[in-house]
Amino acid sequence: MIVHDMQDASVVDAQAVADRLEVVPATGLSDAEAARRLEENGPNELRGKDAIPTWRKILAQFQDPLIYLLLVAVVISLVSWAIEGADGVPVDAVVIALVVILNAVLGYTQESRAEDAVAALGSMTAATSTVFRGGELKTVPSAELVVGDVLVLNEGDAVGADARLLSASALRIQEASLTGESEAVTKNAATLAEPAPLAERRDMVYKGTAVVQGVGRAVVTGVGMSTEVGAIAEMLDATEEEPTPLQVEVAYISKMLGIVVVVIALIVMITIVVVDGVTEPADFVVVLLLGVSLAVAAVPEGMPAILSVVLAIGVQRLARRNAVVKQLNSVEALGSASVICTDKTGTLTRNEMMIERVVTSSGSADVSGVGYRPEGQVTVGGEPLAGAQRSETQLLLAAGALANDAQLTERDGEWSIQGDPTEAAFLVAARKLEGTGEELARFERQAEIPFTSERKMMSTVHRERGDGSRLIFSKGAPDVLLAHCTAYQVGETTVSLTEEARAERLAQVEALSGEAFRTLGVAYRVADDLPVDGPGEVDASIERDLVYVGVVGIIDPPRAEAATAIAEAHRAGVRVIMITGDHPTTATRIAADLGIIEPGGRAVTGAELDTLDDGALDETTREVSVYARVSPKHKLLLVDTLQSQGQIVAMTGDGVNDAPALKSADIGVAMGVTGTEVTKEAARMILGDDNFATIVMAVRQGRVIFDDIKKFLRYLLSSNMGEVLTVFLGVVFAGVLGLNEASNETIVLPLLATQILWINLVTDSGPALAMGVDPEIDDVMQRPPRRLDDRAIDPRMWRGIVTIGLVMAIVSLFSIDVFLPGGLVEGDDSLEVARTAGFTTLVLAQLFNALNARSETTTVFHGLFRNPWLWGAIVLAVVLQVAVVEIPVLQVAFGTGSLDLVHWVVCTALASVVLWYDEVRKIVIRGFARR
């Protein structure tokens, strides 16, 4: 076992730390040794909440006020049974107890499914780290980091574990999560002379912090709870997750309904006592039992559980289509997005960067070939390069390939890249010009000044293997790079860069940008001023007196599906804004091709944004949809301005500096392929394919999910309203219906308590859950975005809920009247059969209502058979209803009598009135909408 008390690692030489951890920094741990240490010490994870045992989860299903009501109903039923002489089996008590158990089983099953979905989601968004193992660069889940691993840190990485730096170049770490300091900390590998506070340990990096600039390597000294963030976690109590706005609204609805229904139940009980003149204790018990059962059945207590399941299933459905939503509540915001701010490269385009044009002092050359396979040629008019142009082009491609952090690899005939696609384009193009590979082998890299979005350039220091001379190679935005140049290359010689020559080269850049090329300039200089023994600590001050070699035109073709997705977004009332670091001409060309703006539309640059006051900025953001040459601070500015206008903003990003804008946006969207770990942590959604079309798909699915939630709310509430009104109106109009004359009993009810509970059990969970995964019925993209403050249940929906419930009650009570002697219609059946008919009609009416509830405006016959889960739930409910009506043992338990074919036909026909009524209502709504 490796003993690793590394609390003092900051004051120990880096090599000594590696020796103590038994690792060679140049090669890292072997895979076998890493696996052994992982098995020995456990995963690199903070200790979470202790898992709740199954028995406690099951017990929690009974800890609900409505369940307490049911248990009260059991006690009342047992008291009634005892008063009547305790003869036989207390059927009502047994049935209600079974209902309680079945409800608990359903609740536990639904919660478990939601937990499984969230757990699966967590595995999709797990952080990764780059390490050296067995001498190879590998990407592993951060949870699998072990003490002794050699971390490779790059801009945008989330630091996966506590580690001692082995080397660092311009490395800056954001440690606010640990120290509270907002400024990033510059790091280096020099050993501290004495122990220092956490914020001053310049040779250490810590789990949970972020690399905002530079590169470095470090050996892991602490994982999991042995890290600094683990020590903080030990001191903190686990915080409870805040409910989402939708969950709050559903909980509020449930609570209010509970209060209303309890009041109605009391009114019903008082009405029964007054109307029927109840005086006997046994009759009082029956009244209490009915009131409790009515209150329990009328409240949709399954709503919160079904909501969680529906959201979880929706999130999994999105994940299967490359949109990983990290939190369930983000689904609510997705359907409300009114603006999508998107980067160009990789999102609207394919992100397969290819150099197609090389422009030097001697002219322009074309580069053939597609993708990252290094097959093609560099030619002029179809002929090979020669003379000065060849030497200039070779120098340009070699310099661009040396000032580079990407890797081009081939495995089993397939070429792939690691790193930035733009940098990889130089590696591919350099291989296409014969002899350039030998040029690259002459140089050994010694230092780097990394690219940052503020500087817009990067440089590397190399030593020539032959004579030991040093050279600096730089590449970056041509206009920025030219500002650092004093000469330009012509053949094998250099010429002083005059203002006229500078303007000529800027015109070349403009010409390339006008053809929708992304441009990068390349420069170099012989660095005789650097020390012979090594470059030492280098910074941006060495980027001076450079020799400009030329510019390349890089093409990244638009995705074929992007234009279609943008048109779909516009149809849905969602505005698309392109925000890119590219040249304005390139940006407007691509934006026009994709339909973001009309041909001839303008782009606003970051420099222009800096000159605008608040009023002009507000006006500009309302009118302009393309922003070019912007920095991350401008992205944040645009997000804040759009939000101040009441917009719901989705923002894409991939770089570490995009994280503030993603966090500020209503829906931060990180790139899953090219995005940094920091960006993925800041975002609410991660694109598995970096594709804009996936964002629009996610907006559509967000709207569909919200529609599905409204469907099951509409169904549950209207169905439960039907139960309440059936009992209430049945008691009030018992004399009109002939119920009072049908029996010698003091109390004659339209439905028995056990029948009400049965309806609740059979018709609530199954169909409601099936509607939670209902496919799109209404065209959700033909309406404008939903505002976040819009209620899930608006006044029109409430009116529909009440009227549908009233229709259910009327047809159910009418079916009782049809078969009972007396009343409005003369019948000849017993009270038991007539009550069974009313009971069955109400069940069937609720199942017809399940078909109605799929849309508030679209006919039920549109897409009638598109949801097999719903039809399965309906068929199961019908089978169970037939069983409870026809099977003798269930007849005893639920007070039912057998129905013949005429009864079933009449019950079905009356129940279908709910469907026909709603069809008429929808026709009226559509008519008003057309007006």
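The condition of being without any contact (Cβ under 8 Å) to a residue 12 or more places away in the chain and either assigned by TED's automatic domain parsing to the domain that holds Thr436 or within 30 Å of Ala507 (Cβ to Cβ) (or both) holds for only one of Arg350, Arg357, Arg411, Arg373, that being Arg411.
Yes or no, residue by residue, for (1) surrounded by fewer than 15 Cβ atoms within 10 Å (Cβ to Cβ); (2) of a type outside the set (Phe, Trp, Tyr); (3) more than 27 Å from Leu749 (Cβ to Cβ); (4) touching a Pro at 6+ places or on another chain (Cβ under 9 Å):
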| position | (1), (2), (3), (4) |
| --- | --- |
| Ile887 | yes, yes, no, no |
| Ala893 | no, yes, no, no |
| Val902 | yes, yes, no, no |
| Ala909 | yes, yes, no, no |
| Ile923 | yes, yes, yes, no |
| Ala929 | yes, yes, yes, no |
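If the condition is being under 19 Å from Ala650 (Cβ atoms), in a helix (DSSP H, G or I) and in contact (Cβ under 8 Å) with a residue 60 or more places away in the chain, then region 562-586 contributes Ala562, Thr564, Ala565, Ile566, Glu568, Ala569, Arg571.
Listed here are the residues, each with its yes/no results for (1) over 17 Å from Lys922 (Cβ atoms); (2) modelled with pLDDT of 85 or more; (3) assigned to a helix (DSSP H, G or I).
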{"position": "Arg786", "(1), (2), (3)": "yes, no, no"}
{"position": "Asp790", "(1), (2), (3)": "yes, no, no"}
{"position": "Ile793", "(1), (2), (3)": "yes, no, no"}
{"position": "Ile801", "(1), (2), (3)": "no, yes, yes"}
{"position": "Val811", "(1), (2), (3)": "yes, yes, yes"}
{"position": "Gly827", "(1), (2), (3)": "yes, no, no"}
{"position": "Glu832", "(1), (2), (3)": "yes, yes, yes"}
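The number of residues in region 491-512 being under 20 Å from Ala527 (Cα atoms), in contact (Cβ under 8 Å) with a residue 60 or more places away in the chain and crowded, with 17+ Cβ neighbours inside 10 Å comes to 0. Tallying residues that are at pLDDT below 80, more than 16 Å from Val833 (Cα to Cα) and not small (Gly, Ala, Ser) within region 729-743 yields 2.
Looking at this structure, is Thr452 over 42 Å from the mean Cα position of the chain (by Cα), among the β-branched types (Val, Ile, Thr) and either surrounded by fewer than 20 Cβ atoms within 10 Å (Cβ to Cβ) or more than 19 Å from Glu356 (Cα to Cα) (or both)? No, not satisfied.
Residues that are among the hydroxyl-bearing types (Ser, Thr, Tyr), under 21 Å from Ala477 (Cα atoms), surrounded by 22 or more Cβ atoms within 10 Å (Cβ to Cβ) and without any contact (Cβ under 8 Å) to a residue 60 or more places away in the chain: does region 594-606 have at least one?
No, region 594-606 contains no residue that is among the hydroxyl-bearing types (Ser, Thr, Tyr), under 21 Å from Ala477 (Cα atoms), surrounded by 22 or more Cβ atoms within 10 Å (Cβ to Cβ) and without any contact (Cβ under 8 Å) to a residue 60 or more places away in the chain.
Is it true that some residue in region 909-916 is assigned by TED's automatic domain parsing to the domain that holds Glu832, assigned to a helix (DSSP H, G or I), touching a residue at least 12 places away in the same chain (Cβ under 8 Å) and not aliphatic (A, V, I, L, M)? Checking region 909-916: at least one residue is assigned by TED's automatic domain parsing to the domain that holds Glu832, assigned to a helix (DSSP H, G or I), touching a residue at least 12 places away in the same chain (Cβ under 8 Å) and not aliphatic (A, V, I, L, M).
Looking across region 641-676 at every residue that is buried (at least 22 other Cβ atoms within 10 Å of the Cβ) and assigned to a helix (DSSP H, G or I), the one that is modelled with the highest pLDDT is identified as Leu642.
Among Arg559, Arg589, which is the only one that is under 17 Å from Thr342 (Cβ atoms), in contact with a Lys or Arg (Cβ under 6 Å, 6 or more places away or on another chain), in contact (Cβ under 8 Å) with a residue 12 or more places away in the chain and surrounded by fewer than 24 Cβ atoms within 10 Å (Cβ to Cβ)? Selected residue: Arg559, the only one of Arg559, Arg589 that is under 17 Å from Thr342 (Cβ atoms), in contact with a Lys or Arg (Cβ under 6 Å, 6 or more places away or on another chain), in contact (Cβ under 8 Å) with a residue 12 or more places away in the chain and surrounded by fewer than 24 Cβ atoms within 10 Å (Cβ to Cβ).
May I ask you to verify whether Leu638 is at pLDDT below 90, crowded, with 17+ Cβ neighbours inside 10 Å and part of a helix (DSSP H, G or I)? Criteria not met by Leu638. If you take the residues of region 775-809 that are hydrophobic (A, V, I, L, M, F, W, C) and surrounded by fewer than 19 Cβ atoms within 10 Å (Cβ to Cβ), which of them is farthest from Thr841 (Cα to Cα)? So the residue we want is Leu788.
The values are calculated or read from the model by the stated rules, or taken from the named source; none is laboratory data. As the structure is a prediction and not an experimental result, all values here were calculated from the model. Note: ideal-geometry Cβ built from the backbone for every residue, glycine included; neighbour counts use all protein chains shown.
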